[in-house]
């Protein structure tokens, strides 16, 4: 460390602050120190750093997963969080801890291996939040519980996202729009995005004087096919489908084709909270409300690191930093080939 300080022409304490992040250092000075470390091939001892700072320099990203693993949209959250953690001098560990793994979570929290945690796939009443607060582990949510008064979070602005998606379809002339949500079990579990988008869809359709129809779909292609069949049974005159279920969306498209219905000729389709990679897989490419996943992952880590550093050393009784970070970001509408004016509203001969 002394050699790094000598080469960078800074004090040893400045090198230490760059490594530990315990004090703010200007970007210019940080760059000089990092350049000196690279030139000397200096590799700081992680264990020694942890002992000195009483930190492990490890952050946890707790995200329940099933056998499907991570799709492109979920991966964006992880990559955004991982890049931000690395920039702040932390390692990020992904742990598949869901609402049914509370004993595992208590063990993980009690071991003090993690300096802080970012929690994903949040339910409105999420017991994982209670466990982490009781054990004094600093946390930031990607998502929201029903009561956020004591929590830091970043989340998608589902009200604005759904409102914009419905407005896009209504603006094209669609009046019979069906929303395909996650499964009935997911709704019953209190999963925040499913419940918030359900309520937002009802509000948006009602504001336009239209009848809201929502179908719950299993997270699978078969679930999408069944959902489309159910949608047509409930609303045989439907001209548009809005879906927030990436796994089911391709089943929906397949069932439309099986029934001889073209996209967007007969039915327009909008995929919501979707990555561009997924939207471009379909034919035609899907008009989508693109998820700000990478940005949300980055902001969540940055907020967590600020909490760990503390706001002027002040902390709440639960051990969390005094500053609360609460931020919503909407999805961005990206119009592709899966939406168009409904056939009934096109001029005669427009399909020729």
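The values are calculated or read from the model by the stated rules, or taken from the named source; none is laboratory data. Just so it is clear, the model here is predicted, and its values are computed rather than measured. Neighbour counts run over all protein chains shown; Cβ positions are idealised from the backbone, glycine included.
Checking every residue in the range 137-158 against the condition of being touching a helix residue (DSSP H, G or I) at 6+ places or on another chain (Cβ under 8 Å) and in a helix (DSSP H, G or I) gives at least one match.
Of everything in the range 226-251, what is crowded, with 20+ Cβ neighbours inside 10 Å, over 21 Å from the mean Cα position of the chain (by Cα) and either in contact (Cβ under 8 Å) with a residue 40 or more places away in the chain or over 22 Å from residue 342 (Cα atoms) (or both)? Give them in sequence order. Of everything in the range 226-251, those that are crowded, with 20+ Cβ neighbours inside 10 Å, over 21 Å from the mean Cα position of the chain (by Cα) and either in contact (Cβ under 8 Å) with a residue 40 or more places away in the chain or over 22 Å from residue 342 (Cα atoms) (or both) turn out to be 227, 228, 231, 238, 239, 240, 241. Within the range 331-345, track down each residue that is at pLDDT below 95 and under 21 Å from residue 162 (Cβ atoms). Hit for the range 331-345 is 342, nothing else. Could you tell me whether residue 93 is in contact (Cβ under 8 Å) with a residue 12 or more places away in the chain and either crowded, with 22+ Cβ neighbours inside 10 Å or in contact with a helix residue (DSSP H, G or I) (Cβ under 7 Å, 6 or more places away or on another chain) (or both)? Taking the combined requirement at face value, the residue does not satisfy it.
Part of a helix (DSSP H, G or I) and modelled with pLDDT under 90 - does that describe any residue in the range 58-69? No - not one qualifying residue is present in the range 58-69.
Tally up the residues in the range 208-225 that are without any contact (Cβ under 8 Å) to a residue 40 or more places away in the chain and part of a helix (DSSP H, G or I), please. Selection size over the range 208-225: 3.
Tell me, please, whether a residue that is under 18 Å from the mean Cα position of the chain (by Cα) and in a loop (DSSP other than H, G, I, E, B) can be found in the range 128-136.
Step one: filter the range 128-136 for residues under 18 Å from the mean Cα position of the chain (by Cα), giving 128-129.
Remaining after also requiring in a loop (DSSP other than H, G, I, E, B): none.
Among the residues of the range 128-136, not one is under 18 Å from the mean Cα position of the chain (by Cα) and in a loop (DSSP other than H, G, I, E, B), which makes the answer no.
For every residue, the table says whether it meets (1) touching a strand residue (DSSP E or B) at 6+ places or on another chain (Cβ under 9 Å); (2) modelled with pLDDT of 95 or more; (3) in the same structural domain as residue 233 (by TED's automatic domain parsing).
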| site | (1), (2), (3) |
| --- | --- |
| 150 | no, no, no |
| 162 | yes, yes, yes |
| 166 | yes, yes, yes |
| 173 | no, yes, yes |
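Determine, yes or no, whether residue 297 is farther than 23 Å from residue 251 by Cβ and modelled with pLDDT under 95. The answer is no for residue 297.
Listed here are the residues, each with its yes/no results for (1) outside any strand (DSSP E or B); (2) at pLDDT below 80; (3) outside the structural domain of residue 82 (by TED's automatic domain parsing); (4) surrounded by 14 or more Cβ atoms within 10 Å (Cβ to Cβ).
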position: 257; (1), (2), (3), (4): yes, no, yes, no
position: 301; (1), (2), (3), (4): yes, no, no, yes
position: 323; (1), (2), (3), (4): yes, yes, no, yes
position: 347; (1), (2), (3), (4): yes, yes, yes, no
position: 351; (1), (2), (3), (4): yes, yes, yes, no
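Mind telling me which of the residues 125, 84, 36 ends up being farther than 21 Å from residue 5 by Cβ, touching a helix residue (DSSP H, G or I) at 6+ places or on another chain (Cβ under 7 Å) and either modelled with pLDDT of 80 or more or not assigned by TED's automatic domain parsing to the domain that holds residue 17 (or both)? Just a single option satisfies the conditions, and that option is 84.
Can you spot a residue in the range 102-115 that is under 20 Å from the mean Cα position of the chain (by Cα) and not in a strand (DSSP E or B)? Within the range 102-115, not a single residue is under 20 Å from the mean Cα position of the chain (by Cα) and not in a strand (DSSP E or B). Residues of the range 160-199 that are touching a helix residue (DSSP H, G or I) at 6+ places or on another chain (Cβ under 6 Å), in a helix (DSSP H, G or I) and surrounded by fewer than 21 Cβ atoms within 10 Å (Cβ to Cβ): 163, 186, 187, 196.
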